[in-house]
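To keep things clear, I will list the structure first and then write my remarks on it.
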Amino acid sequence: MSRATDAAAVESMGITVTSTALTVVADANRLRGSRPRADPDDARTPATDTVVGLGRDENKEDNMVENSQKRTDPVCGMGVDPATAAANVEHDGTTYYFCSTSCATTFKADPHKYASATTS
């Protein structure tokens with residue numbers, strides 16, 4: 001069916017249609033019966049690992065994990081890096097690191113309760 005025929009059919013129903021709207025409907029009807037083409041049999045996937053291809057250094061990553069100085073927040077149990085800890089408190093010769101000032105305040109209120117539960 002051509003666009004002119006489509007327009008005449010729609011206008012005979014008393015509906016005013018713009019050419020853009022009619023084009024969209026005509027294209028939708030045309031595409032309704034189409035199917036996507038299959039990939040050719042000779043299509044090949046590259047055998048390279050793109051992450052490695054971009055320069056990933058796994059040895060460096062392993063060293064970073066091994067050199068981590070993470071400590072455990074004695075109040076909530078969260079892992080804390082001493083370099084970026086929100087607070088630290090020394091108690092009985094041991095320094096404890098905290099994820100937040102709230103955990104540090106809780107620890108200061110009853111240090112023996114939390115210090116006996118973990119070692120840092």
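Nothing in this text is a laboratory measurement; each read-out follows from the coordinates by a stated rule. What you see is a predicted model, and the numbers here were worked out from it, not measured in a lab. With ideal geometry, Cβ positions are generated from the backbone for all residues, glycine too; neighbour counts draw on all protein chains shown.
In segment 88-104, what count of residues is obtained for those that are within 29 Å of the chain's Cα centre (by Cα) and not β-branched (Val, Ile, Thr)?
First, the residues of segment 88-104 that are within 29 Å of the chain's Cα centre (by Cα): 97-103.
Remaining after also requiring not β-branched (Val, Ile, Thr): 97-100, 102-103.
Residues in segment 88-104 being within 29 Å of the chain's Cα centre (by Cα) and not β-branched (Val, Ile, Thr): 6 in total.
Quick one: count up the residues across segment 79-101 that are in contact with a Cys (Cβ under 9 Å, 6 or more places away or on another chain) and more than 15 Å from Ala115 (Cα to Cα).
As a first pass, look at segment 79-101 and keep what is in contact with a Cys (Cβ under 9 Å, 6 or more places away or on another chain): 79-80, 85-87, 98-100.
Then keep just the ones that are more than 15 Å from Ala115 (Cα to Cα); that gives 79-80, 85-87, 99-100.
Residues that pass the stated criteria total 7.
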